[in-house]
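The values are calculated or read from the model by the stated rules, or taken from the named source; none is laboratory data. Note that the structure is a prediction, hence the values are computed from the model and not measured. When the accessible area is computed, the model is the full protein with side chains, heavy atoms only, and any ligands, DNA or RNA have been set aside. Shrake-Rupley method; radii C 1.70, N 1.55, O 1.52, S 1.80 Å.
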Amino acid sequence: MTAEKTLTFYLEPAFRKRAEAGKINFINKVINAFRSHGFSVGFRGNSDGEILGSIKDPGYALCLMEDPVSPRGLTLRLAYFYPFWRIEKLARRWKWEVARTRLNPDDADGDEASAFVRQWRKRLYGSANLEGAREGYVYVPLQGRLIEHRSFPEMSPLDMIVATGVADPRRKIVIGLHTKETYALEELRALE
């Protein structure tokens with residue numbers, strides 16, 4: 001086996017442990033695809049030092065949600081929700097080609113799109129009746145930095161909530177705060 005026929009995953013510790021145990025289906029599929037072409041597969045941590053070390057590695061690198069530094073490296077990231085993943089050149093989702101592509105609804109197959117939605121509704125929500133969901137409320141899940149207009153969205157999260165209310169004044173807006181964020185008092189007051 002040549003060193004060039006290796007793939008190394010650079011993963012944060014908890015994710016790495018699950019991947020090495022074969023508990024992440026997408027990682028398993030990638031491993032199987034590479035092994036079927038004669039590659040050996042390994043795992044490393046995702047510290048700055050380990051990712052920088054990938055430059056010297058003659059094989060290939062897949063970094064979890066980190067920009068790869070190796071010319072033979074790519075990033076691996078959820079495509080917004082499980083179980084859909086992307087393998088890209090950059091970790092920043094807002095710079096991906098798919099994020100910068102304008103949606104033209106006429107390009108979509110309506111029957112195929114409806115079947116996709118039905119399948120995922122059934123898988124995620126079972127037999128719950130979601131047909132009236134458009135009549136109830138708008139759910140807005142938030143991340144951090146509510147007041148700040150960062151580089152990739154169109155506006156700040158709070159401005160997005162206001163714009164949603166203007167676009168759909170009939171429905172109540174339900175806000176979901178991120179469980180892993182700590183919000184400043186200023187942000188919470190502005191949200192109220």
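Determine whether the range 110-123 contains at least one residue that is closer than 30 Å to ARG72 by Cα and open to solvent by 50 Å² or more (accessible area, probe 1.4 Å).
No.
Residue by residue through the range 5-23, note down the ones that are of a type outside the set (Ser, Thr, Tyr), within 21 Å of PRO68 (Cα to Cα) and not in a helix (DSSP H, G or I).
LEU7, PHE9, LEU11, GLU12
Report, by residue number, each residue of the range 60-84 that is open to solvent by less than 40 Å² (accessible area, probe 1.4 Å), outside any loop (DSSP other than H, G, I, E, B) and among the hydrophobic types (A, V, I, L, M, F, W, C).
Answer for the range 60-84, where residues must be open to solvent by less than 40 Å² (accessible area, probe 1.4 Å), outside any loop (DSSP other than H, G, I, E, B) and among the hydrophobic types (A, V, I, L, M, F, W, C): ALA61, LEU62, CYS63, LEU64, LEU76.
Can you tell me which residues in the range 27-49 are open to solvent by 50 Å² or more (accessible area, probe 1.4 Å) and at pLDDT below 95?
Result: SER47, ASP48, GLY49.
Mind listing just one residue for me: the one in the range 31-58 that is part of a helix (DSSP H, G or I) and of a type in the set (A, V, I, L, M) and, of those, farthest from ALA19 (Cα to Cα)?
This residue is LEU52.
Of all residues in the range 11-27 being within 18 Å of the chain's Cα centre (by Cα) and of a type outside the set (D, E, K, R), which is nearest to ILE51 (Cα to Cα)?
Applying the filter and picking the extreme gives LEU11.
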